[in-house]
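*Asks:* Here it is, the structure, as structure tokens.
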Amino acid sequence: METEAWDDQKQAIWKVLPLHPRPQPLESMTSYITRLAEANGLQSLNELGALAGGMRLYNLKRSPDYPAPLYSGLVQITGHPEERWLDMTFFHLVQHFGCAMNPNSCHNFLAGSLAPSLRYCPICLAEHAPASYSLLWRFLVLPGCIEHGVRFLDQCGHCRSPLPLLRCLPQLTRCPTCQGDLRTCEPSRLSDDDVEPTDRYTNDLKMLLTPSPRPLEKEQAKLIGRRFQLLRQRRDLWIPEVAHLLARDRSVVRDIDYVSRFRQANLGDYLQYAAVLGYSLCEIFDEQSLGDLVAPPSEEQLLDQVKAAIRQLKARGKPILPGNIGDLLGMTGSRLKQYPRVKKLLTRCEKERRQEIFQVDLKREEELVKQVERTLKQLEARGEPIVLQHVCDMVDLSYSYMVMKYPRIRALFQEYQKNRSERGLSPRLDEEAKVQQVQTAINVLVSQGEPVTLRRIRQIVKKDFIRVSTRILYFIRVSIRIFRAYSQQKSLFQAQFGYALPLEPTQSPSIKRLHQMWP
Ligand SMILES: [Zn+2]
Ligand SMILES: [Zn+2]
């Protein structure tokens, strides 16, 4: 056993490279590996890979500076623990946001935020010993180096060739194309407008790329989300407004605030969201504030938050519902109601809301009753068959909705239907039968030598439906006119010939004629 352990140790010592310099603060892994190989006089990075127990640098090329699960070979040949290797990657940044530590989610999270090729500040390379490339330089949100106030170069300043992040030949500060010294390239100055955001983002990224002093929460993403929510509410911004300002879908903002199962938000979204709120990420990731969020709020604090949310909803004319309040506070409505005082406040709001709705409904019903009565009258006056559904169509509501929602309308319809059946009123199909009745009454009057008048017809037919149908009224009027013409003829005949012809009961005008005569 002991011999084996000694052998392992001997082997381990034997494997350590003669020169294994300390990584510089925020130095990128690609930079350190190149520096390590160069310092030890290795001819290529593949040699380094071979020494590190056949480590394939292919992965490093594909995902440069991304956190990978194990660097055991590199740990052995440098004696630097694995943590130090992780420090040279985006590991801490990804962890700060509570993003899952797997290649896919890391790639999605960092998509669009990183430069695919080497960027550098030549003055940093020249001034700092030993020269190294910072992880910061990979972030496109930084236009340049705040320390020297210059823009990063993204190609060789001598031959303009783009520079790969990882080169087979380990040369840290030389251009692989022209062998020019990158430290002597001329950068341009940062513009005045760029200085402030560069400063802010440099500080933000420095914080994100270093380990958190506080142990991270199991639900770190949700904790950060609650912090964003809280600050969004403080700015009186709503999710759709933030989405509009970010020119992103609402689901992305919701993902940051509430953390969706399938994550959508990436680093760029978080950075932009913070900018919209007017906070730096250092302020958002402030230890004290995050710590306060971890502890559940006291009922008193929650009550204050609920009151603030109610004020916000009122100001926006939104309904004061537990769900809406919960949305603003990042809590479900039922969770809120677990606090007795909050529950009392919510119940009061709900009651007030119901009363308000009732008042609004009463007013609307009054308007509808008037509208329906007016419509019914118009239809009646025109003698048109009345179908209640058509009346509803005219006020643009369904019959069942009106009857269910408004008791007064229901009563109005019922009364109308009752009257109608009493009066024997039904649509045009019955008209023929009614005309027949009127015709019979007229014939009775004529055969009895009585004057044909509306009053007498009514007395015979006994039903007052005549009053309603304009068509039938028209028919009677025509009949009366014809009768009067006959009567006049009869008197003239009597005056001339001394005797009167009996007036025959007439079949005309028929209902067919009536329809032809109808204007
Ligand atoms: Zn610099
Ligand atoms: Zn060059």
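The values are calculated or read from the model by the stated rules, or taken from the named source; none is laboratory data. These numbers come from a predicted model, not from an experiment. Counting neighbours? That spans all protein chains shown, and the Cβs are built from the backbone with ideal geometry, glycine included.
*Asks:* Hey, any hits in the range 136-145 for a residue that's within 20 Å of GLN24 (Cα to Cα), away from ligand 1 (no atom under 14 Å from the Cβ) and part of a loop (DSSP other than H, G, I, E, B)?
*Replies:* no
*Asks:* Among the residues in the range 80-97, are any of a type in the set (Lys, Arg), away from ligand 2 (no atom under 16 Å from the Cβ) and either closer than 20 Å to ILE33 by Cα or within 42 Å of the chain's Cα centre (by Cα) (or both)?
*Replies:* Of all residues in the range 80-97, those of a type in the set (Lys, Arg) come to 84.
From the residues that got through so far, the ones that are away from ligand 2 (no atom under 16 Å from the Cβ) too are 84.
Within this subset, residues satisfying the condition of being either closer than 20 Å to ILE33 by Cα or within 42 Å of the chain's Cα centre (by Cα) (or both) are 84.
Scanning the range 80-97, I find at least one residue that is of a type in the set (Lys, Arg), away from ligand 2 (no atom under 16 Å from the Cβ) and either closer than 20 Å to ILE33 by Cα or within 42 Å of the chain's Cα centre (by Cα) (or both), so the answer is yes.
*Asks:* Please enumerate the residues belonging to the range 182-196 that are touching a helix residue (DSSP H, G or I) at 6+ places or on another chain (Cβ under 9 Å) and either surrounded by 16 or more Cβ atoms within 10 Å (Cβ to Cβ) or on the phi > 0 side of the Ramachandran plot (or both).
*Replies:* Start the filter on the range 182-196 by keeping residues that are touching a helix residue (DSSP H, G or I) at 6+ places or on another chain (Cβ under 9 Å), which leaves 182-187, 190.
Passing the criteria: LEU182, ARG183, CYS185, PRO187, LEU190.
*Asks:* Does ARG151 satisfy the condition of being over 24 Å from GLU283 (Cβ atoms), within 15 Å of ligand 1 (Cβ to nearest atom), in contact (Cβ under 8 Å) with a residue 12 or more places away in the chain and of a type in the set (D, E, K, R)? Working first, answer last.
*Replies:* Numbers: over 24 Å from GLU283 (Cβ atoms): yes; within 15 Å of ligand 1 (Cβ to nearest atom): yes; in contact (Cβ under 8 Å) with a residue 12 or more places away in the chain: yes; of a type in the set (D, E, K, R): yes.
Yes; evaluated as a whole, the condition is true for this residue.
*Asks:* Can I ask one more? I'd like to know if the range 157-169 contains one or more residues that are in contact (Cβ under 8 Å) with a residue 40 or more places away in the chain and within 14 Å of ligand 1 (Cβ to nearest atom).
*Replies:* If we filter the range 157-169 for residues that are in contact (Cβ under 8 Å) with a residue 40 or more places away in the chain, which is where we start, we get 162-169.
Filter once more, keeping what is within 14 Å of ligand 1 (Cβ to nearest atom): none.
Checked against the condition, which is being in contact (Cβ under 8 Å) with a residue 40 or more places away in the chain and within 14 Å of ligand 1 (Cβ to nearest atom), the range 157-169 yields no hits at all.
*Asks:* So is ALA243 within 19 Å of HIS107 (Cα to Cα), surrounded by 16 or more Cβ atoms within 10 Å (Cβ to Cβ) and not β-branched (Val, Ile, Thr) or not? If you could, list the steps in order and put the result at the bottom.
*Replies:* Working: within 19 Å of HIS107 (Cα to Cα): no; surrounded by 16 or more Cβ atoms within 10 Å (Cβ to Cβ): yes; not β-branched (Val, Ile, Thr): yes.
Criteria not met by ALA243.
*Asks:* Sticking with this one: Specify the residue that is nearest to PRO211 (Cα to Cα); the eligible residues are those in the range 305-335 that are modelled with pLDDT of 85 or more and in contact with a Pro (Cβ under 9 Å, 6 or more places away or on another chain).
*Replies:* Here the answer is GLN305.
*Asks:* Filter the range 172-207 for residues that are of a type in the set (A, V, I, L, M) and in contact with a Ser or Thr (Cβ under 7 Å, 6 or more places away or on another chain) and give the result.
*Replies:* From the range 172-207, those of a type in the set (A, V, I, L, M) are 172, 182, 190, 195, 205, 207; that's our starting set.
Listed by number, the residues that qualify are LEU172, LEU182, LEU190.
*Asks:* Provide a single number: the residues in the range 316-351 that are assigned to a helix (DSSP H, G or I) and either farther than 16 Å from ILE239 by Cβ or among the β-branched types (Val, Ile, Thr) (or both). Working first, answer last.
*Replies:* At the first step, the residues of the range 316-351 found to be assigned to a helix (DSSP H, G or I) are 322-329, 333-336, 340-351.
Right, trim to either farther than 16 Å from ILE239 by Cβ or among the β-branched types (Val, Ile, Thr) (or both) and you get 322, 325, 333-336, 340-351.
Going through the range 316-351 one residue at a time, the tally reaches 18.
*Asks:* Would you confirm, using the coordinates I've provided, whether LEU182 is in contact with a His (Cβ under 9 Å, 6 or more places away or on another chain), within 16 Å of ligand 2 (Cβ to nearest atom) and among the hydrophobic types (A, V, I, L, M, F, W, C)? Working first, answer last.
*Replies:* On the way: in contact with a His (Cβ under 9 Å, 6 or more places away or on another chain): yes; within 16 Å of ligand 2 (Cβ to nearest atom): yes; among the hydrophobic types (A, V, I, L, M, F, W, C): yes.
Criteria met by LEU182.
*Asks:* So which pairs qualify, if the first residue must be in the range 180-204 and closer than 30 Å to GLY278 by Cα and modelled with pLDDT of 95 or more, the second must be of a type in the set (A, V, I, L, M) and surrounded by fewer than 16 Cβ atoms within 10 Å (Cβ to Cβ), the Cβ gap must be under 9 Å, and the two must be at least 6 apart or on different chains?
*Replies:* Listed by first residue and then by second, the contacts come to nothing, as the list is empty.
*Asks:* From the list LYS370, LYS318, LYS307, LYS363, which one is under 25 Å from the mean Cα position of the chain (by Cα) and closer than 30 Å to ILE409 by Cβ? Before you say what the answer is, go through the steps one by one.
*Replies:* On the way: LYS370 fails: under 25 Å from the mean Cα position of the chain (by Cα); LYS307 fails: closer than 30 Å to ILE409 by Cβ; LYS363 fails: under 25 Å from the mean Cα position of the chain (by Cα).
Residue meeting the stated conditions: LYS318.
*Asks:* Let me spell it out: the conditions are (1) surrounded by fewer than 16 Cβ atoms within 10 Å (Cβ to Cβ); (2) at pLDDT 60 or above, and LYS434 meets all of them except one. Which number is the exception?
*Replies:* Unmet for LYS434, out of (1) surrounded by fewer than 16 Cβ atoms within 10 Å (Cβ to Cβ); (2) at pLDDT 60 or above: (1).
Here is a yes/no grid of residues against (1) charged (D, E, K, R); (2) without any contact (Cβ under 8 Å) to a residue 12 or more places away in the chain; (3) touching a strand residue (DSSP E or B) at 6+ places or on another chain (Cβ under 7 Å):
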site: VAL342; (1), (2), (3): no, no, no
site: GLN371; (1), (2), (3): no, no, no
site: THR375; (1), (2), (3): no, no, no
site: GLU380; (1), (2), (3): yes, no, no
site: SER400; (1), (2), (3): no, yes, no
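*Asks:* So, in the range 102-155, of the ones that are within 16 Å of ligand 2 (Cβ to nearest atom) and charged (D, E, K, R), which residue ends up surrounded by the fewest Cβ atoms within 10 Å (Cβ to Cβ)?
*Replies:* ASP154
*Asks:* Next up: Do we find that LEU379 is modelled with pLDDT under 75, surrounded by 15 or more Cβ atoms within 10 Å (Cβ to Cβ) and over 30 Å from PHE358 (Cβ atoms) in this structure?
*Replies:* Working: modelled with pLDDT under 75: no; surrounded by 15 or more Cβ atoms within 10 Å (Cβ to Cβ): yes; over 30 Å from PHE358 (Cβ atoms): yes.
The answer is no for LEU379.
*Asks:* Scan the range 51-78 for residues that are farther than 24 Å from PRO116 by Cα and exposed (fewer than 14 other Cβ atoms within 10 Å of the Cβ) and jot them down.
*Replies:* Once the filter is applied, which keeps residues that are farther than 24 Å from PRO116 by Cα and exposed (fewer than 14 other Cβ atoms within 10 Å of the Cβ), the range 51-78 yields GLY53, GLY54, SER72.
*Asks:* When you scan the range 390-404, do you find a residue that is among the hydrophobic types (A, V, I, L, M, F, W, C), modelled with pLDDT of 80 or more, over 30 Å from GLU300 (Cβ atoms) and surrounded by 12 or more Cβ atoms within 10 Å (Cβ to Cβ), even just one?
*Replies:* Quick first cut of the range 390-404, residues among the hydrophobic types (A, V, I, L, M, F, W, C) only: 391-392, 394-395, 397, 402-404.
With modelled with pLDDT of 80 or more added as a condition, the list becomes none.
No, there is no match, as no residue in the range 390-404 is among the hydrophobic types (A, V, I, L, M, F, W, C), modelled with pLDDT of 80 or more, over 30 Å from GLU300 (Cβ atoms) and surrounded by 12 or more Cβ atoms within 10 Å (Cβ to Cβ).
*Asks:* Now for a separate question. Within the range 146-185, how many residues turn out to be over 45 Å from the mean Cα position of the chain (by Cα), charged (D, E, K, R) and not in a loop (DSSP other than H, G, I, E, B)?
*Replies:* Count: 3.
*Asks:* Of (1) surrounded by 19 or more Cβ atoms within 10 Å (Cβ to Cβ); (2) of a type outside the set (S, T, N, Q); (3) farther than 25 Å from LEU125 by Cα, GLY268 satisfies all except one. Which?
*Replies:* Unmet for GLY268, out of (1) surrounded by 19 or more Cβ atoms within 10 Å (Cβ to Cβ); (2) of a type outside the set (S, T, N, Q); (3) farther than 25 Å from LEU125 by Cα: (1).
*Asks:* Do any helices (runs of 4 or more DSSP H) lying entirely in the range 76-124 carry at least 3 residues that are within 14 Å of ARG62 (Cα to Cα) and either within 16 Å of ligand 1 (Cβ to nearest atom) or in contact (Cβ under 8 Å) with a residue 24 or more places away in the chain (or both), and which ones are they? Break it down into steps so the answer makes sense when it comes.
*Replies:* Values: elements: 82-87, 91-96, 103-110.
It comes to 103-110.
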